[in-house]
Amino acid sequence: MAGLFSGSGFSGGLKISTLEFTQLKDIIYELSGIFLNSNRKYLVENRFSGRIKELNLKSFKEYIEYLKYDRNKEAELNKLADLITTNETSFFRDNPQLKVFTTETLRQMIDEKRKSGKLEIKIWSAGCSSGEEPYTLSIILHEMLKTELSKWRIQITANDISTDIIQKAKKGEYAKYALKTTPPLIAKKYFTESKPGVFQVNADVKKLVRFARINLNDRTELKKIPKSDIVFCRNVIIYFDKEMKKKVISAFYDNLIEGGHLYVGHSESLHTITNTFKAKHHEGAISYRKI
Ligand SMILES: C[S@@+](CC[C@H](N)C(=O)[O-])C[C@H]1O[C@@H](n2cnc3c(N)ncnc32)[C@H](O)[C@@H]1O
């Protein structure tokens, strides 16, 4: 996976002092829970210089003042989130994990719900980036339930801290690259090439997903998310320090129904974070269940 600051390509940037770096780092942490290592100084210079010039400011010192005191600071704090996070994602990312999710968790859940007559599944995709993850989950549900889907109430709540990325997700238009790990038959069935090289996710897939900008560091906002059967939070907590990881995982615990499932990224683990979930090891994936 690309690093936290991949892709800016800006050169000839402004310099940040050690004190300014610490101040900016604290602002970012307070805002998003994202923890910046001191070796990220150069990358901060690289990413923020363009934005500082865009605001007609001259230095990191002025930018920090702006973030603290300007009347537009709220909007800028949003922008900040776009600058510091990587939104790297793709459809059907981590296929082995999705296979476990489909053949174990979802299949069993669907069987149990059919038996109980409660045809309802709620999923939360937390840190959804440009929508590839929640739309993938919607496609999987379409494939599992087929014509039966119309009898079910499926709700996929998808959130990200970045306002721009949520706008992109709502549009549902993607370059071919986003489909790089999507089985070709699925791509054909659920996408339309609306313009050359632009793939539009079909309306039925979109219908199950509700997007909103939410900061995982804001406990009050998190409480508004409907109770979930399943939470996906993949490749997000990797950017948080231990305290923030604990906070976020405990919010997922509270959000999940009894026996609900949590999926984190391939390189992420709850091992030192909590013992309130039961880990199940599968070939190529770990799934967690609320106990
Ligand atoms: C690498 S992407 C992962 C996307 C997707 N879950 C996946 O695995 O493909 C990480 C996403 O987490 C979001 N993010 C980071 N900190 C966040 C926070 N405090 N609240 C909500 N989203 C956050 C970023 O904006 C980014 O879109």
Just one of 77, 98, 137 is over 26 Å from residue 280 (Cβ atoms), part of a helix (DSSP H, G or I) and of a type in the set (A, V, I, L, M); which is it? 77
Are there any helices (runs of 4 or more DSSP H) wholly within the range 184-275 with 1 or more residues that are surrounded by fewer than 22 Cβ atoms within 10 Å (Cβ to Cβ) and touching a Gly at 6+ places or on another chain (Cβ under 8 Å), and if so which? 203-207, 242-255
With respect to residue 234, determine if the residue is farther than 22 Å from residue 141 by Cα and within 17 Å of the chain's Cα centre (by Cα). no
Quick check on my filter: what residues within the range 238-265 are near the ligand (Cβ under 9 Å from one of its atoms) and farther than 15 Å from residue 124 by Cα? 238, 239, 240, 244
Inside the range 121-151, the number of residues satisfying the requirement of being more than 16 Å from the ligand (Cβ to nearest atom) and touching a residue at least 40 places away in the same chain (Cβ under 8 Å) is 6
Take the conditions under 23 Å from residue 213 (Cα atoms) and exposed (fewer than 14 other Cβ atoms within 10 Å of the Cβ) and apply them to residue 74. Does it pass? yes
The lone condition residue 105 fails out of (1) part of a helix (DSSP H, G or I); (2) modelled with pLDDT under 90; (3) in contact with a Phe, Trp or Tyr (Cβ under 9 Å, 6 or more places away or on another chain); (4) not small (Gly, Ala, Ser) is (2)
Selection within the range 140-165 - in contact with an Asp or Glu (Cβ under 6 Å, 6 or more places away or on another chain) and either modelled with pLDDT of 95 or more or not in a helix (DSSP H, G or I) (or both): 153, 162
Have a look at 41, 73, 61, 99 and point out the one that is touching a helix residue (DSSP H, G or I) at 6+ places or on another chain (Cβ under 7 Å) and modelled with pLDDT of 95 or more. 61
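The values are calculated or read from the model by the stated rules, or taken from the named source; none is laboratory data. The model shown is predicted, which means the values in this text are computed figures rather than measured ones. Reconstructed Cβ throughout: ideal geometry from the backbone, glycine too, with neighbour counts over all protein chains shown.
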